[in-house]
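K.L.:
Structure below; questions to follow.
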Amino acid sequence: MVKDSRHASGPASEERTSIRAIAAFSGGLDSTLAATLVHRTGIGVLLLHVKHLWSGGREAEERLRAAADRVGLPLRIVDASVDHLDVVRHPKHGYGAGVNPCVDCHIFMLKIAKRLMEEEGAHFVVTGEVLGQRPKSQHYKALLEVAEESGLGSRLVRPLSANLLPDTLPVERGWLRREDLLSIQGRGRDAQQALAERLGIRDYPQPAGGCLLTERVYATRVRDAFAHVGKDNVGAEEFELLGVGRHFRLSEDFKVIVGRDEGENAALTRLAGGRVRMEPVEVMGPTVLVEGLPSVDDLALVAALASRYCDHAGRDPIQWRVLRSGSETLLDAVPLDPADPRIAGWRLGG
Ligand code: SF4
């Protein structure tokens, strides 16, 4: 049962007004509930969002600010995009089902929260983690490891599951009471929804499955890039490129990226770097990038593949402009038959 502890009494409640916490904040329901529960005890709460390459763009940031406004808590956004890349490339605790290094990612973010806690003279850190909600990263042992390896130890409180976990410093010191904290576990959402109702929290987003790193198609492309160019050579732009267009590996020497719409064509042009870029000359069709060391014959095959995605009925040849190292050449190609079985075999991630 959840108690509203706004009117807590006794010496601990007086002390609470001088106690402050940093609350990791994703804008989702669980982190909102955790921060709100602690704030309702009289403890000062500063929300912290750690931004990285997969945490969304400007719209996501606006949603985050709106969510913080709704609960009336100050929000600090820390951009850790560059340092976070190494967590994705070299996770000590490995990956989940995709290339999502969730345990390392939590440790990384909580190290930043610890730093902010120390800078702000705050006393502990709060997260919305729920025991057993994610089988690989939020089981009992993983939660203890994250607390330990982040350096927070007993200064890390998960209010939604705290009564199922070892006692923390805020409980031992009486800043938080066990009855302020909960025993939620598992993947269900009923307890959180009931708590949201009780705390008057509305307009929260539906839970997301995880970031792009958890997605199968994206993970296949990332693994291919790691294997072919080396983990340390996959930087921010490469990770972004892996999320744009259709990707095909035609051989160990080169891969092909084909835009699916105007927005992706523009993104591919922006991210082309030193890759070969190809564009159809007289028909509407995709922008194409070729990465690696394609021969002239390889480019003819790429043009045939890409022609299959042009707005062009039939099998008449399509002319392509090929831009490579500052030079421009033209190439004609007959579109591949859409039923050609090689196409599915080349496709990275379906
Ligand atoms: S889902 Fe993505 S952002 Fe969330 S912890 Fe896992 S890797 Fe990090």
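The values are calculated or read from the model by the stated rules, or taken from the named source; none is laboratory data. This is a predicted model, so every value here is computed, not measured. FYI the Cβ positions are ideal-geometry reconstructions off the backbone, even for glycines, and counts take in every protein chain you see.
K.L.:
Can you tell me which residue among Leu213, Leu152, Leu165, Leu169 is touching a residue at least 24 places away in the same chain (Cβ under 8 Å) and within 25 Å of Ala67 (Cα to Cα)?
P.N.:
Leu213
K.L.:
May I pose another question? Just the residues that are touching a Gly at 6+ places or on another chain (Cβ under 6 Å) and over 21 Å from Glu238 (Cα atoms), please, taken from region 274-328.
P.N.:
Cys310
K.L.:
Mind telling me which of the residues Leu305, Leu289 ends up being touching a helix residue (DSSP H, G or I) at 6+ places or on another chain (Cβ under 6 Å) and surrounded by 18 or more Cβ atoms within 10 Å (Cβ to Cβ)?
P.N.:
Sole residue among the options that is touching a helix residue (DSSP H, G or I) at 6+ places or on another chain (Cβ under 6 Å) and surrounded by 18 or more Cβ atoms within 10 Å (Cβ to Cβ): Leu289.
K.L.:
Sticking with this one: For Ala122, which of the numbered conditions (1) more than 12 Å from the ligand (Cβ to nearest atom); (2) in contact (Cβ under 8 Å) with a residue 24 or more places away in the chain; (3) closer than 24 Å to Ser183 by Cβ; (4) in a loop (DSSP other than H, G, I, E, B) fails to hold?
P.N.:
(3)
K.L.:
Among the helices (runs of 4 or more DSSP H) confined wholly to region 162-269, which include 1 or more residues that are within 16 Å of the ligand (Cβ to nearest atom), more than 26 Å from Val87 (Cβ to Cβ) and in the same structural domain as Ala21 (by TED's automatic domain parsing)?
P.N.:
none
K.L.:
Which of the numbered conditions does Ala97 fail, given that it passes all the others? Conditions: (1) assigned to a loop (DSSP other than H, G, I, E, B); (2) without any contact (Cβ under 8 Å) to a residue 40 or more places away in the chain; (3) within 16 Å of the ligand (Cβ to nearest atom); (4) surrounded by fewer than 18 Cβ atoms within 10 Å (Cβ to Cβ).
P.N.:
(2) is the only condition that Ala97 fails.
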